[in-house]
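Trainee: I have a structure I would like to understand better, so I am pasting it below and will then ask my questions one at a time.
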Amino acid sequence: MGERPPVAFSGVHSSLPAWSGARTGDEGAGGCGAQAVHVDATPVRFDVPVSGVLLTRLTWRNRLGQTRGLKHIADGRPERSISLQGFYRLTPEAADELAEVVRSA
C-alpha cells in the first residue's frame with residue numbers, strides 16, 4: 001500500500017508471448033519489433049472509497065480511440081473484474097473525477 005507497483009507492457013496482441021516470460025537474448029514478441037515499456041503507476045491505496053455512481057461513469061479509451069465503461073456493476077459494486085483487465089487509459093474526464101475523489105479524501 002502506498003507504493004507504486006512496477007508496470008511493464010509491450011502493447012502487442014495477447015496471443016503473442018507475454019513479456020513476463022521474456023529472457024535474456026529474446027528479441028520481443030516473435031520478431032514483431034515491439035519493445036517493453038515501463039511506466040510509473042499510481043500508488044496503490046485502500047483508504048479512499050469510490051462510489052458506485054462514479055464506477056458506472058468511469059470510461060477508458062484503448063489505443064484505437066474506442067471508449068468503454070465498466071461492466072458487471074450491481075448495487076454499486078463490481079461483480080467481476082474482467083472489464084478491468086487489459087491496458088486502457090482513463091479518459092480525461094474520468095481521470096479528473098477520480099483525481100477529485102482522491103484530493104478530497
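The values are calculated or read from the model by the stated rules, or taken from the named source; none is laboratory data. Note that the structure is a prediction, hence the values are computed from the model and not measured. Cβ coordinates were reconstructed from backbone atoms using ideal geometry, including for glycine residues, and neighbour counts include every protein chain displayed. Accessible surface is based on the protein model in full, side chains and every heavy atom, while ligands, DNA and RNA are left aside. Shrake-Rupley method; radii C 1.70, N 1.55, O 1.52, S 1.80 Å.
Trainee: Can you give the net charge of the other residues whose Cβ lies under 13 Å from the Cβ of H72, counting K and R as +1 and D and E as -1?
Mentor: +2
Trainee: In terms of solvent-accessible area of protein heavy atoms at a 1.4 angstrom probe, what is the ranking of L54, L98, highest value first? If you can, show how the numbers build up before the last one.
Mentor: Numbers: L54 10, L98 45 Å².
Reading off the accessible areas and sorting them downward yields L98, L54.
Trainee: Quote to one decimal, in nm, the extra length available between E3 and V53 on full extension: 0.36 nm per residue of separation minus the C-alpha distance between them.
Mentor: 15.3 nm is the gain from fully extending E3 to V53.
Trainee: Shifting gears a bit: Just to check I understand the Karplus step: with θ = phi - 60° and J = 6.51 cos²θ - 1.76 cosθ + 1.60, what whole-Hz values come out for the range 92-99, glycine and proline as x?
Mentor: With the stated coefficients, the range 92-99 comes to x, 5, 5, 4, 5, 5, 5, 4 Hz.
Trainee: Share of the range 44-105's accessible area from carbon and sulfur, percent, 1.4 Å?
Mentor: On the way: 2540 of 4800 Å².
With neighbouring chains kept in place, the figure for the range 44-105 is 53 percent.
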